[in-house]
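Undergrad: Dropping a structure here in structure tokens format, bear with me for questions.
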Amino acid sequence: MAARKKTFYITSPLYYVNDLPHIGSAYTTIACDCIARYKRLQGYDVCFLTGTDEHGQKIFKSAKEKNLPPKDHCDYIAGKFQELWRLLNIKYDKFSRTTSANHGKIVQEFFKLVHSNGDIYEADYEGLYCEACEDFKSEKDLLEGNICPIHKTKAQEYKEKNYFFPLSKFEERLLKHLDQNPGFIQPSYRRNEVLGWIKEGLKDFPVSRRSVPWGISLPIDSTQTIYVWFDALLGYVSGLLGDSDIPSIENALKNYWPCSVHIIGKDILRFHAVYWPCMLMSAGLPLPEKVFGHGFLTKDGEKMGKTTGNIVDPYELINEFGTDAVRFYFLKEIAFGKDGDYSRQSFINRINSDLANNLGNLLNRTLNLVNKNFNGEIKYESSAGETLNLAEKTNLTIKNYEKAMDNLELKDALDIVWELVDSTNRVFNNLEPWKLIKNNEISKARSCLYETLEILRNICLTICPFIPETANKIMLQLGYDRLDEELSWEKAGWTKTKATYKVKEGKPVFPRLEQI
Ligand SMILES: [Zn+2]
């Protein structure tokens with residue numbers, strides 16, 4: 001029997017369906033898709049889960065405003081997310097919805113587990129709640145006048161009898177876990193944030209609400225529903241169930257748990273890095289291996305917001321520039337983890353300089369010379385020796401790219417690849433293969449072109465997780481048609497492939513964008 005492939009389980013957040021998907025959700029999901037594709041390329045058995053978080057007060061209100069039953073509202077918005085992921089070429093394996101019947105069963109089973117382990121108690125809650133965060137706040141979390149610093153809306157006071165989870169009880173265990181697993185929360189500045197929260201002291205939080213009808217009913221008290229975050233985090237578990245599985249936590253976790261990495265925005269770090277691991281500890285389940293919190297996006301240096309009209313519409317962006325341009329821009333422009341800015345000018349500049357000029361021109365010039373002078377066919381001649389002297393650099397690029405990708409340094413990985421693109425362009429220009437041909441130095445011209453094709457093939461391997469359509473197009477122009485076979489990490493490195501390139505006609509894969 002063949003050895004079982006190593007598994008890799010990656011999740012995007014389950015997006016809140018109070019509104020249509022925005023560019024922030026698109027950015028997170030593109031990054032997840034890129035990592036998932038990279039792991040598949042390396043031969044892992046990957047499960048990439050995304051989905052929607054569909055319960056809570058805010059969604060109940062959004063539906064009411066639109067005069068829709070809450071479930072109809074959720075179905076509509078969940079469909080819009082799926083549509084956007086299709087447009088962005090997001091290849092997810094599971095779409096987890098928290099209104100699914102399976103999810104409800106998993107949440108109730110989990111609650112009973114925590115309850116039977118003695119980690120649920122009844123008490124009065126009196127305090128503040130930000131509906132937009134769906135989170136309990138204390139005054140020190142808020143700005144003057146109880147304004148939420150994230151949402152700029154007023155947190156509401158409420159008083160209820162609720163069931164609580166004793167988060168404070170897990171303080172030391174969580175601290176110890178962070179200590180023993182330095183890579184658990186990433187990047188390191190997010191880890192420091194979490195350490196700060198633990199040092200301030202963790203507060204128990206209600207896991208049920210009396211006044212929120214749109215939620216999963218509490219197994220021990222039907223007058224209450226389960227608090228939306230206690231419910232939503234379990235979407236990473238319930239969404240793993242197969243169609244024929246009996247819905248149980250055990251069945252859900254059997255193939256892909258523990259999660260390799262939860263990718264999230266920094267605004268929901270507390271839920272993933274504090275609440276979630278403590279909930280799992282209480283239930284006696286393994287913790288995820290990593291939580292990675294990326295930064296916020298701004299537009300033209302300003303915070304994006306509907307009220308100010310300062311937004312980037314993902315649909316418009318795809319419509320105007322195409323899927324791969326959008327995927328490439330955000331992953332190349334912004335250091336993954338840090339905050340980043342979008343501007344139309346930087347978008348156009350980025351695509352023109354990196355894709356149309358540097359990569360596109362190299363490909364085009366090479367293919368044109370091969371087609372014009374060698375009938376589209378170039379053979380590898382080991383006796384010719386190296387002409388470009390970039391074999392070692394290509395192999396080093398592959399190695400460094402791999403290291404960056406494994407650390408989730410997506411921008412760094414692309415920077416490493418583009419350094420090779422630039423070097424190749426430079427050496428190619430200096431060698432002037434068109435002149436070599438004219439001067440009848442055919443053997444030298446041939447190896448220059450062969451080596452450039454070989455570098456382009458390696459570049460395809462590195463960019464295919466980022467811009468899969470473009471990588472496929474280039475591979476086809478290089479004369480490969482069995483892409484599944486050729487786009488495999490085993491083929492990465494210098495001359496690990498066929499000894500003859502039979503190329504196709506060169507067509508620009510990225511036309512220059514006009515300044516408008
Ligand atoms: Zn808030």
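Undergrad: Note down the nm distance, to one decimal, between modelled labels 7 Å out along Cα→Cβ at Lys504 and at Thr153.
TA: Spacing of the two 7 Å Cα→Cβ label points: 5.0 nm.
Undergrad: While we're here: Quick check: residue separation of Glu486 and Asp406 times 0.36 nm, minus the Cα distance between them. What number comes out in nm? Don't skip to the answer; put the middle values down first.
TA: On the way: separation 80, 0.36 × 80 = 28.80 nm, distance 2.14 nm.
Using 0.36 nm per residue and subtracting the Cα-Cα distance, I get 26.7 nm.
Undergrad: Determine the shape class of region 255-387: with a ≥ b ≥ c the square roots of the Cα gyration tensor eigenvalues, call it rounded for a/c under 1.5, and otherwise prolate if a/b is greater than b/c, oblate otherwise. Write out the running numbers ahead of the final one.
TA: Working: a/c = 3.63, a/b = 1.59, b/c = 2.28.
Verdict is oblate for region 255-387.
Undergrad: So which trypsin sites (Lys or Arg not before Pro) in region 302-375 end up in coil per DSSP with only 15 or fewer other C-beta atoms within 10 Å?
TA: On the way: sites: Lys303, Lys306, Arg327, Lys332, Lys338, Arg344, Arg350, Arg365, Lys372; in loops: Lys306.
Here the trypsin sites (Lys or Arg not before Pro) that fit, given the DSSP loop and packing criteria, are Lys306.
Undergrad: Show me the GluC sites (Glu not before Pro) within region 474-516 that DSSP assigns to loop and that have at most 15 other Cβ atoms within 10 Å of their Cβ. Don't jump to the answer; show the numbers that get you there.
TA: Details: sites: Glu485, Glu486, Glu490, Glu505, Glu514; in loops: Glu505, Glu514.
Answer in residue order: Glu505, Glu514.
Undergrad: So, one more: Given the protein chains as shown and a 1.4 Å probe, how many square angstrom of Asp406 are accessible, to the nearest 10?
TA: Roughly 70 Å² of Asp406 is accessible to a 1.4 Å probe.
Undergrad: List the cysteines of the chain that have no other Cys Cβ closer than 4.7 Å: which are they?
TA: Cys32, Cys34, Cys47, Cys74, Cys259, Cys278, Cys448, Cys460, Cys464
Undergrad: Another question, then. Determine, from the Cβ-Cβ distance of Lys372 and Tyr315 and an R0 of 30 Å, the FRET efficiency 1/(1 + (r/R0)^6), rounded to the nearest 0.05. Working shown, then result.
TA: On the way: r = 41 Å, r/R0 = 1.38.
About 0.15, to the nearest 0.05.
Undergrad: Provide the net charge surrounding Leu367, with neighbours chosen by a C-beta distance below 10 Å and charges set as Lys +1, Arg +1, Asp -1, Glu -1. Don't jump to the answer; show the numbers that get you there.
TA: On the way: positive: Arg365, Lys372, Lys504, Lys507; negative: Glu505.
Once positives and negatives cancel, what remains is +3.
Undergrad: Continuing with this model, one more query. Among Trp489, Leu414, Leu362, flag the residue with its Cα farthest along the positive direction of the charge dipole of region 348-502, charges on Cβ as +1 for Lys/Arg and -1 for Asp/Glu.
TA: Projecting each Cα onto the dipole axis, the largest value belongs to Leu362.
Undergrad: Skip the ligands, DNA and RNA, and give the accessible area per residue of the chain with a 1.4 Å probe, whole Å². Intermediate values should be presented prior to the final figure.
TA: Numbers: 22630 Å² over 516 residues.
Per residue, the chain has 44 Å² of solvent-accessible surface.
Undergrad: Using only DSSP helix segments of four residues or longer, with each worth -39500 (n - 2.57), what per-residue ellipticity at 222 nm results for the chain after dividing by its residue count and rounding to 500?
TA: Calculated mean residue ellipticity at 222 nm is -13500 deg cm²/dmol.
Undergrad: Only loop residues by DSSP count here, and only those with at most 16 other Cβ atoms within 10 Å; note down the trypsin sites (Lys or Arg not before Pro) in region 228-302 that meet that.
TA: Details: sites: Lys254, Lys266, Arg270, Lys290, Lys299; in loops: Lys254, Lys290.
Listed in order of number, the matching sites are Lys254.
Undergrad: Only Cα pairs under 8 Å and at least 6 apart count here; give the relative contact order of the chain as a rounded whole percent. Numbers along the way, then the final one.
TA: Working: 794 pairs, mean separation 79.1, N = 516.
Answer for the chain is 15 percent.
Undergrad: Further question: Which shape class applies to region 62-127: rounded if a/c is under 1.5, otherwise prolate when a/b exceeds b/c and oblate if not, where a ≥ b ≥ c are the square roots of the Cα gyration tensor eigenvalues?
TA: It is oblate, given that a/c is not under 1.5 and a/b is not larger than b/c.
Undergrad: Would you check the accessible area of Met304, probe 1.4 Å, heavy atoms only, in square angstrom rounded to 10?
TA: Estimated to the nearest 10 Å², Met304 gives 40 Å².
Undergrad: Could you sort Glu333, Glu250, Glu302 by accessible area so the largest value comes first, with the probe set to 1.4 Å? The partial results should precede the final answer.
TA: Working: Glu333 55, Glu250 150, Glu302 115 Å².
Result of the area sort, largest leading: Glu250, Glu302, Glu333.
Undergrad: Let me ask another. Report, in listed order, any pair from Lys39/Lys91; Lys66/Lys203; Lys338/Lys491; Lys140/Lys266 with a Cα-Cα distance greater than 24 Å. Spell out each step's value before the answer.
TA: Numbers: Lys39/Lys91 13 Å; Lys66/Lys203 36 Å; Lys338/Lys491 32 Å; Lys140/Lys266 19 Å.
Long pairs (Cα-Cα over 24 Å): Lys66/Lys203; Lys338/Lys491.
Undergrad: Run the accessible area of the chain with a 1.4 Å probe and give the carbon-and-sulfur part as a rounded percent.
TA: Carbon and sulfur: 48 percent of the exposed surface of the chain.
Undergrad: Here's another thing I want to ask about it. What FRET efficiency comes out for the pair Lys66/Tyr189, r = Cβ-Cβ distance, R0 = 35 Å, nearest 0.05?
TA: The pair Lys66/Tyr189 has a calculated efficiency of 0.35.
Undergrad: So, counting K/R as plus one and D/E as minus one, what does the shell of residues with Cβ under 11 Å around Val427 add up to? Write down the numbers at each step before the final one.
TA: Working: positive: Lys393, Arg426; negative: Glu386, Asp422, Glu432, Glu451.
It works out to a net charge of -2.
Undergrad: Select from the chain the helices, each a whole stretch of DSSP H, whose alpha-carbon atoms run 24 Å or more along the helix axis and whose Kyte-Doolittle mean is at least 0.5; answer none if there are none.
TA: On the way: long enough: 23-41 (26 Å, 0.32); 70-87 (26 Å, -0.81); 410-431 (32 Å, 0.07); 442-463 (31 Å, 0.56).
Result, helices passing both filters: 442-463.
Undergrad: Let me ask another. Classify the chain: rounded, prolate or oblate, from the alpha-carbon gyration tensor (a ≥ b ≥ c, eigenvalue square roots; a/c under 1.5 rounded; otherwise prolate if a/b is larger than b/c)?
TA: Values: a/c = 2.48, a/b = 2.09, b/c = 1.19.
The shape class here is prolate.
Undergrad: I would also like to ask the following. Could you size up the charge dipole of the chain around its Cα centre, putting +1 on the beta carbon of Lys and Arg and -1 on that of Asp and Glu, and report it in debye to the nearest 20?
TA: The dipole of the chain has a size of about 1120 debye.
Undergrad: Sequence-distant or interchain residues sharing an amide H contact under 5 Å with Gly479, placed H: which?
TA: Lys504
Undergrad: Sticking with this structure for a sec: How much of the calculated P(r) for region 348-502 lies past 20 Å, in percent of all Cα pairs?
TA: Values: 5600 of 11935 pairs.
Of the Cα pairs, 47 percent sit more than 20 Å apart.
Undergrad: Can you give me the long-range amide H partners of Thr99? Hydrogens built in the peptide plane at 1.01 Å from N, cutoff under 5 Å, separation of 5 or more residues or another chain.
TA: Glu54
Undergrad: Can you give me the distance in nm between label points at Lys435 and Asp19, each placed 7 Å from the Cα along the Cα-to-Cβ direction?
TA: Taking the two extended label points, one gets 5.8 nm.
Undergrad: Continuing with this model, one more query. Taking the Cα centre as origin and putting +1 on Lys and Arg beta-carbons and -1 on Asp and Glu beta-carbons, what dipole magnitude results for region 348-502, to the nearest 20 debye?
TA: Details: 20 positive and 22 negative charges, 123 e Å.
Dipole of region 348-502, to the nearest 20 debye: 580 debye.
The values are calculated or read from the model by the stated rules, or taken from the named source; none is laboratory data. This is a predicted model, so every value here is computed, not measured. Glycine gets a Cβ as well: all are built from the backbone with ideal geometry, and neighbour counts include every protein chain shown. Surface accessibility is based on the protein's heavy atoms, side chains included, excluding ligands, DNA and RNA. Shrake-Rupley method; radii C 1.70, N 1.55, O 1.52, S 1.80 Å.
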